Structures are given as structure tokens and as C-alpha cells.
Amino acid sequence: MGISSRDYYRDQPTRGGGFGYSGTFGMTNVVKWIIIANIAVFVLQLMLTKYDGRGRPVGSFVDDWFSLDPVSTIYYGQVWRVLTYAFLHDVGSLMHLFFNMLFFWFCGRELEQIYGSREFLWFYLTSAVMGGLMFLFFSLYFHDATPAIGASGAVMATVMLYACHFPHQLIYIFWGLFPVPVWALAAFYVATDLFPLIHQIRSGQTMDSVAHTAHLGGFAFGFLYYQNQWRVSPWISWIEDWIPQSRAKSFRPRPRTVVKFPDAKTARTPARDSKLKVFHGEDDVQTATATVSSPKLKLDEQVDQILRKIKEHGESSLTDEERNVMNQAAEEYKRKKKS
């Protein structure tokens, strides 16, 4: 179900050093961890795969329990397969994993900056589910019980969403020889997945072993997500509420460390002589900001709040006033650097 023999690179690299970038090959946090998860599962597949007398892979415990098997999913209620299949790849072809992750790396970094890490993570996972559901629907329609594996459904949703945002971004295919705009590349992939489906509907026979319907499910969800300005986070907020509080914190950006002033009763200087208001914890950040008279500290606090908002909801969520604050802070930092 992968993207095979599609060699390309982008005309201009993704900007680095922006909000949310981890610094590892310009990867953002969600992109990095999804790629790591796919590689780790692939290694696990290799370790547990069984081979026949000719050295050909014949399956593994991981594939048996986590691939998108229509019979097990629909008739035996193993619904986790609708998501877990997207983290499995063909152990007989390293290119299946490589090109899926390469596409995701190219397109996902920019999208995570736009939508924020939390929303982009849920978009990716939902895309995998939507691709899986499309695959199951046509498996029932064609009475085909062949299982599916691969991240291509979610990756194709990412490619479609990227093409909607940056349609004229150039991609160089065939080892960098021919520049093609992203919208044309996305349209080509849709056509190459749609034609085999039409052929199978008409003739009842498959053209290859690729799960084209999962690709099309990802494409459709990515396009509708952009066109209708959907946001997945509000739909599944109950999942985060269900997760224990200690684990739920990992879904939210960690606030910067807040300096806690000593209690007035234990401080060496009497409280009435102190010019700073005593506060405890993060709930009193706003009060402390209003008490401290330094304009520089107030500006830094505003920048911190805006950065946290960008981290959680993306740059598109900023108001004009918040953008002005960021521009003011940028000018302030430039003047400080020159001095």
C-alpha cells in the first residue's frame, strides 16, 4: 500500500527554527515521533516475521494481530486494526516504509506549524482511520478479505492537505530532473488510485496488490478537512479527558518554568518591605505580571503566552493584536542584539 519508485525533492526546504521545530533534520515534534514509531514497528516486524523455505516472508505475530483484516475487524470486532494497520509496512520492501515517511516528512512539517502539534496529530490519526474505513467498505463491496498494511492512507491525506495550502510549491521528480507543482502531483496520484478502482468495479478483477481505496479515503478526508475547515481536536476531546491526568499532560505543551517567590512568612525580608507580590504556582502568573512594573518582563510574558497558543493551535489562531505583540517583540530583540 506504499508509494514506490517515486523519487523527488522539494524546490525550497521547509523553514527551520520556527515554533515547534525540534532541530532534527528540521522535523517538528509530531512528525518526528510518528516517523520513529513507524520505524520501531517495522523493526519489530522484521524480528518477528516468519519466512518460508525460499526466504520469502509469510507473516508475523504483528501482522496477524494489527493489520487491517476485513474479516477480523468487521465480524470479530477487532476495531483497533482500523488504526494500527497504518503503522505496519511490507517487510519485503524497504521502499514501502521509506517513501511513505519521506512524503510525510516533506509535507507534515509545514502543516504542523499551521495547525499546531495537537491538532496535526489527531488529523494524522483520523486520516488513517478514514482510509481504513474506506478500505473496509470496498472490501465488503468486492467480497475481498485481503488484509491491508501501510501508512499511505494517512500520508495521502497529508499530501492532499499540503497541496491545498501550497498548490504551486514545486516538487522535483525522477531524481530531481523535472519540476512539478504539488497540485499536479496530488492530482496524478488521485488518478493512479482512482483508475484501478474503476477498473475493478467494472471487471471485478484487481490490477495489483495496492490498497488504492485506502489512498482515496485519505485523499478525500484531506480535501474535505481543508475545504470545510474542520478541526479534529474538538471531536475527540473526550479521549483526552478519559486518559489519566498524568498522561493527558503530555498532549498539551508544557508551560515555561515560573519562578516562585518565597512565602512572606518565611522570607528574610518582611512582606511589607517587598516590592514584589508573593504568588504561588502557575495560576497566579497573570497577577504577578500586573504587579511587576518592568515593561520588558510584561512583553516577555505576553510572548510566552502567544508561543504557547501557537504551539497548541497553530499560527493561524493568532489575532491581529497578538501578531502586533510578536512584531514588537521581534523589533525589541533585534535592538537588544545590536547593542
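Against the condition assigned by TED's automatic domain parsing to the domain that holds Gln113, modelled with pLDDT of 75 or more and surrounded by 20 or more Cβ atoms within 10 Å (Cβ to Cβ), how does Met47 come out, does it pass? Don't jump to the end; show me each part of the working.
On the way: assigned by TED's automatic domain parsing to the domain that holds Gln113: yes; modelled with pLDDT of 75 or more: yes; surrounded by 20 or more Cβ atoms within 10 Å (Cβ to Cβ): no.
For Met47, the condition - assigned by TED's automatic domain parsing to the domain that holds Gln113, modelled with pLDDT of 75 or more and surrounded by 20 or more Cβ atoms within 10 Å (Cβ to Cβ) - is not met.
Of everything in region 93-146, what is assigned to a helix (DSSP H, G or I) and of a type in the set (Gly, Ala, Ser)? Give them in sequence order.
Gly108, Ser117, Ser127, Ala128, Gly131, Gly132, Ser139
Considering only residues that are among the β-branched types (Val, Ile, Thr) and over 15 Å from Gly153 (Cα atoms), look in region 69-106 and name the one that is nearest to the chain's Cα centre (by Cα).
Only one residue tops the list, namely Val79.
Does Met27 fit the bill of being modelled with pLDDT of 75 or more, crowded, with 20+ Cβ neighbours inside 10 Å, under 24 Å from the mean Cα position of the chain (by Cα) and among the aliphatic types (A, V, I, L, M)? Can you show your working first?
On the way: modelled with pLDDT of 75 or more: yes; crowded, with 20+ Cβ neighbours inside 10 Å: yes; under 24 Å from the mean Cα position of the chain (by Cα): yes; among the aliphatic types (A, V, I, L, M): yes.
Yes, satisfied.
Give Glu282, Glu315 a once-over and let me know the one that is under 30 Å from Phe123 (Cβ atoms), at pLDDT below 50 and either loosely packed, with under 15 Cβ neighbours inside 10 Å or among the acidic types (Asp, Glu) (or both).
None of the others qualify; the one that does is Glu282.
Can you tell me which residues in region 35-71 are more than 22 Å from Phe99 (Cα to Cα) and touching a residue at least 40 places away in the same chain (Cβ under 8 Å)?
Answer for region 35-71, where residues must be more than 22 Å from Phe99 (Cα to Cα) and touching a residue at least 40 places away in the same chain (Cβ under 8 Å): Asp69, Pro70, Val71.
Kindly evaluate Arg81 against the criterion of being basic (Lys, Arg), out of contact with any Cys (no Cβ under 6 Å at 6 or more places or on another chain) and modelled with pLDDT of 95 or more. Before the answer, list the steps.
Numbers: basic (Lys, Arg): yes; out of contact with any Cys (no Cβ under 6 Å at 6 or more places or on another chain): yes; modelled with pLDDT of 95 or more: yes.
Criteria met by Arg81.
The values are calculated or read from the model by the stated rules, or taken from the named source; none is laboratory data. Given the structure is predicted, the values throughout are model-derived calculations rather than measurements. Please note: Cβ atoms are built from the backbone with ideal geometry, for glycine as well, and neighbour counts cover all protein chains shown.
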